[in-house]
Amino acid sequence: MTHSVIKRVLFMLLLLVLTCQLLLAQEPAKDRTAETSAIVPALRKFHTVIFKIWHTAWPNKDDDMLAALFPEIEKGVAEVAQAELPGILRDKQAARKKGVDKLQEIAKEYKSAIEAKQKQPLLDAAEKLHAHYEALVRVIRPPLKELDDFHAFLYMIYHYYMPQNSLESIKGSIGKLQEKMVALNNAVLHPRLKGKEEAFRKARNQLDKDVTDLAVVVRSDDIGRIKAAIETMHTSYKTLEHVFE
């Protein structure tokens, strides 16, 4: 084998190694993007049949259509029950299970009404199915887009960078966290949430203060103080989130 051929083979091997490293480096980023997105595809998909029930069959008291939709309902409930929550929704597991159990219970009532050919119980089950689907969506979907955007950055700091003592990653996230806090400060509650306005404003002000304090503390490079500031900020975020419960 000539010297030039050896060089060419070594170059190809090096290129292969670099390509593999690049692919491996990209994979965690993909996983983390999915982990910080508060989306459950099965729940979104189930909305298709819920829409048909609530906007066509139920208002028209069309029990034949309601009965015909049951296979879609049964499949949708099963898919929602089997779906896994992304990491960012890990603290919603208990509430989500309670909501799914209720959906499954209503689906059984729905089926029983069809088999018994009872129109009013079927209409009642359809109404309950819609109401509890909406309740389950509220468990998973944040009440404010700005709150969800803020949480996506907080999640990475709290569950990855802080446990890893990654000071550089924490510092690199502060600017974005402050941007998201500005957006959250400018967020306006939906009219249906106006009764929570005072509690929301109070909790948001505290979170804003904690974000500002963290931005100052992070300059110290003291990982102990930085972790304490992150814990304080995380507690304030949870207080703000609980306002909507």
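FYI, it's all coordinate maths here, none of it is from the lab. No experiment lies behind these values; they were computed from the predicted model shown. So basically every Cβ, Gly included, is an ideal-geometry build from the backbone, and we count neighbours across all protein chains shown.
Before moving on, here are some points about what is shown:
- Local net charge near ASP64, Cβ-Cβ under 14 Å (Lys/Arg +1, Asp/Glu -1): +2
- Cα centroid of the range 185-205 to Cα centroid of the range 207-232, whole Å: 25 Å
- Projecting the Cα atoms of PRO41, LEU122, VAL77 onto the charge dipole of the range 41-140, computed from C-beta unit charges around the Cα centre, puts PRO41 farthest toward the positive end.
- The range 66-225, dipole about Cα centre (Lys/Arg Cβ +1, Asp/Glu Cβ -1), debye to the nearest 20: 340 debye
- Each label point was placed 7 Å from the Cα along the Cα-to-Cβ direction; for GLU198 and GLN104 their separation is 4.2 nm.
- Label point distance in nm, ASN186-PHE244, each placed 7 Å from Cα along Cα→Cβ: 1.9 nm
- What the pair-distance distribution of the range 145-242 shows, using all Cα-Cα distances binned every 5 Å from zero, is 2, 14, 26, 25, 16, 9, 5, 3, 1 percent.
- Within-13-Å neighbourhood charge of THR48 [Cβ basis; K, R +1; D, E -1]: +2
- Remark: the range 52-188 projects, on average over all directions, an area of 10.3 nm² (convex hull of Cα atoms).
- Estimated FRET transfer efficiency when R0 is 35 angstrom, pair GLU134-VAL216 (beta carbons, to 0.05): 0.25
- Spacing of the modelled spin labels on SER112 and LYS61, each 7 Å from Cα toward Cβ, amounts to 2.4 nm.
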